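Read the structure below first, then the notes.
The values are calculated or read from the model by the stated rules, or taken from the named source; none is laboratory data. Computed from a prediction, not measured in an experiment: that's the story for all the values here. With ideal geometry, Cβ positions are generated from the backbone for all residues, glycine too; neighbour counts draw on all protein chains shown.
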Amino acid sequence: MTATPMRETRQQATDSHRRHTVVDSPYGPLTLVATDGTLSGLYMTGQRHRPPEETFGEPDPEPFTEATRQLDAYFAGELRAFDLPLRLDGTPFQRAVWAQLQRIPYGETRSYGELAECLGKPGASRAVGLANGKNPVGIIVPCHRVIGASGGLTGYGGGLDRKQRLLAFEKSGRDDTTTLF
């Protein structure tokens, strides 16, 4: 008997070996999660759709050396594109949206409608928004680069203030705000 893709995803997450660590950032602490040694989560404090802490596995900084190095370089304004293996568990549609997010260049934005059109589903901007909100690897999979059709900031799991700061940082190469999370 063949399992459905959704069941396989849940089973993979259940059977996997998970570890996590917490790193500092200009946007508050970031919890990094690895599944079987591959980065599968980056969560901000207070983030909407943040999984329960008990699902993150044991604390262990070892699987995150390269992710931490690249995040440090990004926050220093020295890295514009992440090059990390990722494990993005989700539905086929969610994974397609997350792949499109990774194609948005540093310092640029796209609307939910533009992403829906890129996926060949021009009427699916709301579904794109829902998938965007469930992105398990924020910042590295740059869901903060998605804006509303009018050009305004709309929803962000990490909060609109963080979204605004991340976009401003990418445009200027520095974070001039003093707000800490």
State whether one or more residues within the stretch 146-154 are at pLDDT 85 or above, outside any loop (DSSP other than H, G, I, E, B) and either under 17 Å from V97 (Cα atoms) or touching a Pro at 6+ places or on another chain (Cβ under 6 Å) (or both). yes
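Table: residues versus (1) under 23 Å from L130 (Cα atoms); (2) at pLDDT 95 or above.
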{"site": "A3", "(1), (2)": "no, no"}
{"site": "M6", "(1), (2)": "yes, no"}
{"site": "H17", "(1), (2)": "no, no"}
{"site": "H20", "(1), (2)": "no, yes"}
{"site": "E53", "(1), (2)": "yes, no"}
{"site": "G57", "(1), (2)": "no, yes"}
{"site": "T65", "(1), (2)": "no, yes"}
{"site": "F82", "(1), (2)": "no, yes"}
{"site": "F93", "(1), (2)": "yes, yes"}
Scan the stretch 113-150 for residues that are under 21 Å from L42 (Cβ atoms), without any contact (Cβ under 8 Å) to a residue 40 or more places away in the chain and either surrounded by fewer than 23 Cβ atoms within 10 Å (Cβ to Cβ) or assigned by TED's automatic domain parsing to the domain that holds Y27 (or both) and report the count. 3
Being free of Cβ contacts under 8 Å to residues at least 40 places away in the same chain, part of a helix (DSSP H, G or I) and acidic (D, E) narrows it down to one residue among E78, E66; which is it? E66
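Is it the case, given these coordinates, that Y106 is surrounded by fewer than 17 Cβ atoms within 10 Å (Cβ to Cβ) and touching a residue at least 24 places away in the same chain (Cβ under 8 Å)? Break it down stepwise before answering.
Numbers: surrounded by fewer than 17 Cβ atoms within 10 Å (Cβ to Cβ): yes; touching a residue at least 24 places away in the same chain (Cβ under 8 Å): yes.
Considered against the rule, which asks whether it is surrounded by fewer than 17 Cβ atoms within 10 Å (Cβ to Cβ) and touching a residue at least 24 places away in the same chain (Cβ under 8 Å), Y106 comes out as yes.
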Flagged in the stretch 39-63 as within 13 Å of P136 (Cα to Cα) and assigned to a strand (DSSP E or B), in numbering order, are L39, S40, G41, L42, Y43, M44
Note: among G46, G41, G28, G37, just one is modelled with pLDDT of 95 or more, surrounded by fewer than 18 Cβ atoms within 10 Å (Cβ to Cβ) and among the small types (G, A, S), namely G37
